[in-house]
1. Every residue in the stretch 271-304 that is closer than 23 Å to residue 44 by Cα, out of contact with any helix residue (DSSP H, G or I) (no Cβ under 7 Å at 6 or more places or on another chain) and part of a helix (DSSP H, G or I), please.
2. Mind checking whether some residue in the stretch 309-327 is touching a helix residue (DSSP H, G or I) at 6+ places or on another chain (Cβ under 6 Å) and farther than 30 Å from residue 76 by Cα?
3. Give the number of residues within the stretch 23-52 that are surrounded by fewer than 15 Cβ atoms within 10 Å (Cβ to Cβ) and under 26 Å from the mean Cα position of the chain (by Cα).
4. Which members of the stretch 242-262 meet the condition of being modelled with pLDDT of 95 or more and in a helix (DSSP H, G or I)?
5. Can you tell me which condition residue 194 does not meet? The list is (1) buried (at least 20 other Cβ atoms within 10 Å of the Cβ); (2) over 30 Å from residue 118 (Cα atoms), and all the others hold.
6. Report yes if some residue within the stretch 56-70 is under 14 Å from the mean Cα position of the chain (by Cα) and surrounded by fewer than 23 Cβ atoms within 10 Å (Cβ to Cβ); otherwise report no.
7. Filtering the stretch 107-119 down to residues that are crowded, with 22+ Cβ neighbours inside 10 Å and in contact with a helix residue (DSSP H, G or I) (Cβ under 6 Å, 6 or more places away or on another chain), which residue is nearest to residue 233 (Cα to Cα)?
8. If you take just the helices (runs of 4 or more DSSP H) that sit entirely in the stretch 1-83, which of them hold at least 1 residues that are under 16 Å from residue 323 (Cα atoms) and at pLDDT below 90?
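The values are calculated or read from the model by the stated rules, or taken from the named source; none is laboratory data. Just so it is clear, the structure is predicted and the values come from calculations on it, not from any experiment. Neighbour counts run over all protein chains shown; Cβ positions are idealised from the backbone, glycine included.
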């Protein structure tokens, strides 16, 4: 990743974010806003900051436990660099994907192989997804009972069916890897035969994807054979970390003098957080602010909505990006960062390639 790419991504992130904030505030701030803001409860704002920082600390800790499950244990300093550096680079790249080469580099520096580092990064993401998969049916039932907002019910139904289909496909790929490969190859051959597709790129994509699934199965084996109790502890830390994170929304509303059902506000934040995973803009900028404006309008008065969304985004994201930028600059600087991301990106690709070859041999058992 070049210095200019980071600066360009940061510039896009800032421009879109500032425009979204200005638009939201223009349409919501009025005289009533200033009157209501005088009723703020500072103690709850302190709680909000505490939840934001506690969430980050638990994130550092769960990464340490996850690496411990593989028989190694990274320092708190490296865990902070891994998490915060990844957050900053995620904020300035599409789909929040730019932090992976840096994270691979940090784990390699701590004695992990490319394969082990990739497994840690991937499984860390899977733990977060696992929490949502466990919670989603209950969330949907809760909102169908208490909510009359059709837009929220529609979003929840979309999320439920999306994750359900994703789980079914993942289960098929995990337990019927070679059968799925053969079926997809056969379908691709049919499409080429009737000239809908002309290249073998889709076939290569299928192979690459299913080889990664095989690698994922190997990774799971590493975690559950080498340290299943530590892996379980990491999942519990993930659960607590996310629970604390989703308390930011209700705590902030209480801080602004708006009492709301804690569960309802927390679940709205959860829904928005997982919708933002699919947003291509750097750091989901713009969409996060406007999405928050839409969803939080269900629980926040209009005169406070703009201020609330900006503060919510600050505590849940901007503060992490600021800290991440400072950590990254202190850690490596631009020139070393360029060398790290370029080198580790290439090595990661090569490592994946070698793992894919092994995966094919073993997958005769992402």
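1. Within the stretch 271-304, 273 is the sole residue that qualifies.
2. There is at least one residue in the stretch 309-327 that is touching a helix residue (DSSP H, G or I) at 6+ places or on another chain (Cβ under 6 Å) and farther than 30 Å from residue 76 by Cα.
3. So the count comes out to 2.
4. 244, 245, 248, 249, 250, 251, 252, 253, 254, 255
5. With respect to (1) buried (at least 20 other Cβ atoms within 10 Å of the Cβ); (2) over 30 Å from residue 118 (Cα atoms), residue 194 is out only on (1).
6. Filtering the stretch 56-70 for residues under 14 Å from the mean Cα position of the chain (by Cα) gives 56, 59.
From what is left, the residues that are surrounded by fewer than 23 Cβ atoms within 10 Å (Cβ to Cβ) are 56.
Taking every residue of the stretch 56-70 in turn, at least one turns out to be under 14 Å from the mean Cα position of the chain (by Cα) and surrounded by fewer than 23 Cβ atoms within 10 Å (Cβ to Cβ).
7. Pass one, the stretch 107-119, residues crowded, with 22+ Cβ neighbours inside 10 Å: 107, 117-119.
Keeping just the survivors that are in contact with a helix residue (DSSP H, G or I) (Cβ under 6 Å, 6 or more places away or on another chain) gives 107, 117, 119.
Working: 107: 20, 117: 19, 119: 17 Å.
Only one residue fits best here, namely 119.
8. 3-28
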